[in-house]
Amino acid sequence: VDLAYNKFKENFINSNKPFAIIAKTFKGKGISFLQDKENWHGKPLQTLEELTKAINELEIQQEDLSLPVKFGRYNFNNNLSSHVNIDFNVLKVDDRELSTRQAIAIAITEVGKYIKNLVVLDADVKNSTYTEYFEKNYPDRFIQCHIAEQVMAGAALGLSKNGFIVYASTFGAFLTRAFDFIRMMMYSKPPLVIFVGTHAGVSIGEDGPSQMAIEDISMFSSLIESTVIYPSDSISSQKLLYKVIKEHLEGKLYGIVYFRASRPSTKNIYNLSDDFELGKVKVIRKSNKDDIAILSNGVPLHEVLKAYDLLKKENINARVIDVYSIKPIDSEFLLESLSGINKVIVFEEHSVYGGLGQIVSSILLKNNYKLDFFDIIGIDKIPLSAPSSDLLKYHSMDCNSIYQKVKDALWKYH
């Protein structure tokens, strides 16, 4: 340990280049009947005699492992209230037409003014996730983890358990390689870690399928006690981020929160006066004679609204519901929002497996909700590299495809 520590200290102080310490280690080091022996992994000692012998052999080797660490540390303590001075009514909401990835980054930078133990982590894409805004204003609370998403997840857990509120951002697709760490984070019960996965779905365009997050909802919603949010415009993105932090500070929300964020800039659906509750949905188009309900979120929701206008011209009434809170979903509230509807179609920029559609269908089945028609339109074939508009059309999520899908459903199941 002394040798490793001295090598680390020497390189840390004298070089600004990456370095690695390679150690040859032995399983069960120091216990004669375990050291470098196979078939002991994950197995407890079987007898009291074995336990006594192992303890005695280890005690012989006891040494002082305390090290005089003198590296810089951020000044903090674990008392959250000592770092927080925030009135959520004064937080600014930028109502420009922005991408949700940019809007969320603007909001977390705004929060940084008031919460001094808020830290932001990024995995070398700060110009795409816009965490560079936070870095510019609070460089001592920004940590660049580089292209090492597992490191970012591990650091997020450690920071959270030591009194920080953590915001960690990268492309949603890249969080798949960190999921083992995120899953283990769940069992450590962090107070609050907000993951923001940007570049959701096929609407990112020419960057291609390697950069598209199309499995992330199923990944994060599978975590026990997680929260999954997918806002569709700038205003809802910022307000939902503020809501998450507010509920955490009020002792109502803990654990892992995932924000799904889109690449394209979009128009605002909501007004500054609108409010958002976790677990609820927003009915944004409704009449007393609706023929079908369309559930969506993110970029496809904007295409749904265009299709709604086309349908309206033909006296076809559709109820449009924004499912911005994917987990939790208040089942009773969702069923109430669907009241009087017996045809439902879901449009989602995610794999049809494990996404919004399957979450909604499980709620409807569990509550014996009677339907004549139900369908999920999502990513069910390998995406291509093409302009965003072409990809939405390829996956039947552009306004004309939505318009036709709704008409076909009503004609077939009238």
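Only the coordinates and a few stated rules stand behind these numbers; no lab work does. What you are looking at is a predicted structure, and each value in this text was computed from that prediction instead of being measured. Reconstructed Cβ throughout: ideal geometry from the backbone, glycine too, with neighbour counts over all protein chains shown.
Magnitude of the charge dipole for the stretch 282-412, about its Cα centre and with charges confined to Cβ atoms of Lys, Arg (+1) and Asp, Glu (-1), is about 260 debye. Rounded to the nearest whole angstrom, the semi-axes of the ellipsoid equivalent to the stretch 89-245, taken from the Cα gyration tensor as √(5λ), stand at 21, 20, 15, largest first. Select from ILE284, GLY255, ALA168 the residue farthest towards the positive end of the dipole of the chain; place +1 on Cβ of Lys and Arg, -1 on Cβ of Asp and Glu, and compute about the Cα centre. Comparing the listed Cα positions along the dipole, ILE284 ranks first. Taking 28 Å as the cut-off for C-alpha to C-alpha distance, list the pairs among LYS43/LYS189; LYS116/LYS280; LYS246/LYS343; LYS289/LYS412; LYS7/LYS126; LYS24/LYS126 that go past it. Violating the 28 Å Cα-Cα cut-off are LYS116/LYS280; LYS246/LYS343; LYS7/LYS126; LYS24/LYS126. Considering only GLY112, GLY154, SER273, and ranking their Cα positions along the charge dipole of the chain that arises from unit charges at the beta-carbon of Lys, Arg, Asp and Glu, the one farthest toward the positive end is SER273. To the nearest 20 debye, what is the magnitude of the charge dipole of the chain about its Cα centre, counting +1 on the Cβ of each Lys and Arg and -1 on the Cβ of each Asp and Glu? With Lys and Arg at +1 and Asp and Glu at -1, about 280 debye. With the Kirkwood sum run over all distinct C-alpha pairs, the stretch 222-274 has a hydrodynamic radius of 12.3 Å.
Shape call for the stretch 282-412 from the C-alpha gyration tensor, a ≥ b ≥ c root eigenvalues: rounded (a/c under 1.5), prolate (a/b greater than b/c) or oblate? Cα axes put the stretch 282-412 in the oblate bin.
Between the stretch 374-390 and the stretch 155-214, what is the C-alpha centre distance in whole Å? Here the two parts' Cα centres lie 23 Å apart. In plain terms, the residue of MET184, MET397 with the fewest other Cβ atoms within 10 Å comes first and the most crowded comes last, giving MET184, MET397. Distance between the 7 Å Cα→Cβ label points at ASN162 and TYR394: 4.5 nm.
Can you give the net charge of the other residues whose Cβ lies under 15 Å from the Cβ of LYS37, counting K and R as +1 and D and E as -1? Computed value for this residue: 0. Residues considered: SER362, SER351, SER325. Largest GNM mean-square fluctuation over the chain, using C-alpha springs under 10 Å, is found at SER362. Taken about its Cα centre, the stretch 91-260 carries a charge dipole of about 600 debye when Lys and Arg each add +1 at the Cβ and Asp and Glu each add -1 at the Cβ. Among ILE316, ILE326, LEU356, whose Cα sits farthest toward the positive end of the charge dipole of the chain (+1 at Cβ of Lys/Arg, -1 at Cβ of Asp/Glu, about the Cα centre)? About the Cα centre, the residue reaching furthest to the positive side is ILE316. For ALA23 and GLU225, the FRET efficiency from 1/(1 + (r/R0)^6), where r spans their Cβ atoms and R0 equals 41 Å, is about 0.65.
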